[in-house]
Amino acid sequence: MRRAIGVFLIWAAGMGLLATLLVGAGMAMHYWQQPLTAETTTLTVESGQSMPTIAKSIHEVQPAIPARAIDWTARFRGQARKIQAGEYEVRPDERLASLLDRMVAGDVIEYRFTVPEGVTAQAFLDRLAEAPRIRRTIDELAPQAVIEALDLPVDHLEGWLYPDTYQYPAGTSDRAIIQRAFSQMQEALDAAWAARADDLPLENPYEALILASVIEKETGISGERGEVAGVFVNRLKRGMRLQTDPTVIYGMGEDYDGRLFSRHLREDTPYNTYMRDGLPPTPIALPSAASLQAATHPAPTDALYFVADGTGGHDFSRTLKEHNRAVARWRAHQREQGDRP
């Protein structure tokens, strides 16, 4: 008799469990194809949140679906313990099943900020400071503070952050973005240096980075980068000074007001390549991959000079006499345009 009662109790418990599962399955199947919202909205899942808590958040988006039903749906589909933390976009008329699938896949909202080629490291950090949904972990976004905070193996941050469009989920730290930019520049520089042309007048990858930054500031025309690099390489090989305005401007720092006079070319700073031999001591901007390529693969040329031609490009010359004629044409163009200060 006791054995019969025991068997009955086990059977009853089993039937109760089966009934519960059937009810749960029925609820899940009823609700998982229900539209959640008619408008785009956002939903945030914090790390470590339980499925009932997540279900309540989804319920707030669509009150017509009970939180318990959402919980059951996720459990019935084997997703309750697989949902990833992050910020999700709930799309118009999206079904519960679709949202749960995306939450398991970690299809979170991604933000972005863009850093153009040729800006300074400080400009990169300024843009990062204004980027949305970044978690701030560095008190001062300034080059030296960043080097110390991330323990970067460099003395000067200029040139070491890769200019690009960075995509990231909400809550990404500022140091994570900076480390990514630093690593990308390291990889790009290492690749360019490993495949460099023979007989370059450059001692190491850092000098290639410096030269690439000067090329970046000298021309925005893709097809000119190699020839500009060729001129600089020719001058370095001959022991001629680079005599490039962007280095002078960089050395002026905040004193530069957008105008460069001949007197500035005579003011000696470590970056004045009219007064100093060789490359400047550090990069002067964030170079692109194309400028790294140009610095390590300069175009073969006999030119030793170049000057703006008034169209956005440059006139390249082999001799000083040719260069002086090109300079005269440029000055005439400036007078015509009323650009001469």
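The values are calculated or read from the model by the stated rules, or taken from the named source; none is laboratory data. Source: prediction; values computed, not measured. Positions of Cβ are backbone-derived with ideal geometry, glycine not excepted, and every protein chain shown enters the neighbour counts. With ligands, DNA and RNA removed, areas are computed over all heavy atoms of the protein, side chains included. Shrake-Rupley method; radii C 1.70, N 1.55, O 1.52, S 1.80 Å.
Okay, here's what the table says:
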{"item": "Options Gly313, Gly278, Gly258: the member that is of a type in the set (Gly, Ala, Ser) and either touching a Pro at 6+ places or on another chain (Cβ under 8 Å) or under 19 Å from Pro201 (Cα atoms) (or both)", "result": "Gly278"}
{"item": "Helices (runs of 4 or more DSSP H) enclosed by region 65-161 - at least 1 residues per element that are of a type in the set (Ser, Thr, Tyr) and at pLDDT below 95", "result": "67-76, 96-105"}
{"item": "Members of region 300-318 found to be over 15 Å from Asp245 (Cα atoms) and aliphatic (A, V, I, L, M), listed by number", "result": "Ala303, Leu304"}
{"item": "Subset of region 322-332 that is at pLDDT below 85 and either open to solvent by less than 50 Å² (accessible area, probe 1.4 Å) or aromatic (Phe, Trp, Tyr) (or both) - its residue that is nearest to Ala303 (Cα to Cα)", "result": "Ala326"}
{"item": "Residues being open to solvent by less than 10 Å² (accessible area, probe 1.4 Å), part of a helix (DSSP H, G or I) and without any contact (Cβ under 8 Å) to a residue 60 or more places away in the chain - total across region 207-248", "result": "2"}
{"item": "Region 120-146 residues that are farther than 11 Å from Arg175 by Cα, paired with ones that are of a type in the set (S, T, N, Q) (beta carbon under 8 Å, 6 or more apart)", "result": "Arg127/Thr114; Arg133/Thr172; Ala142/Gln122; Pro143/Gln122"}
